[in-house]
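A.B. asks: What follows is a single structure, and I will ask about it in a moment.
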Amino acid sequence: KSFQGNSMLIAHWQVHAGEKPFRCSDCSKSFSVSCHLFRHRRVHTGEKPYCCAGCGKRFRWSKTLSTHWRVHTGK
C-alpha cells in the first residue's frame, strides 16, 4: 500500500499495531485515527451535520442519512 504523506503511513501503522493514542475526554473511548475521534465526539455534542434534502431531518452519520433517503425514493 502506498501513502501520500508520512503522517498517513504512521496512522496506518497504528491501526495494525493496535495503538489508540486519541482518547475521548468524555467517555475514555480510544481511537487509532484522530478523525475517528472527531466523528465520535458527535455522540456527546449532539451535532447532526447531515441534512435530508427531502424533509429537513438531520442526522449524525452520513450512512443514516443514506438509509433514510430510501423513505423518499423508495429504493
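A.B. asks: I need the full set of residues from the range 28-46 which are within 12 Å of the chain's Cα centre (by Cα) and surrounded by 12 or more Cβ atoms within 10 Å (Cβ to Cβ), in order please.
C.D. replies: Scanning the range 28-46 gives F31, V33, S34, H36, L37, R39, H40, R41, R42, V43.
A.B. asks: May I ask you to verify whether H12 is more than 22 Å from R58 (Cβ to Cβ), surrounded by fewer than 14 Cβ atoms within 10 Å (Cβ to Cβ) and outside the structural domain of R60 (by TED's automatic domain parsing)?
C.D. replies: For H12, the condition - more than 22 Å from R58 (Cβ to Cβ), surrounded by fewer than 14 Cβ atoms within 10 Å (Cβ to Cβ) and outside the structural domain of R60 (by TED's automatic domain parsing) - is not met.
A.B. asks: Taking the range 59-74 only, how many residues are loosely packed, with under 13 Cβ neighbours inside 10 Å and either farther than 24 Å from H44 by Cβ or among the basic types (K, R) (or both)?
C.D. replies: 6
The values are calculated or read from the model by the stated rules, or taken from the named source; none is laboratory data. Here the structure is a predicted model, which means the values were calculated and not measured. Cβ sites come from the backbone with ideal geometry, for glycine too, and all protein chains shown count toward neighbours.
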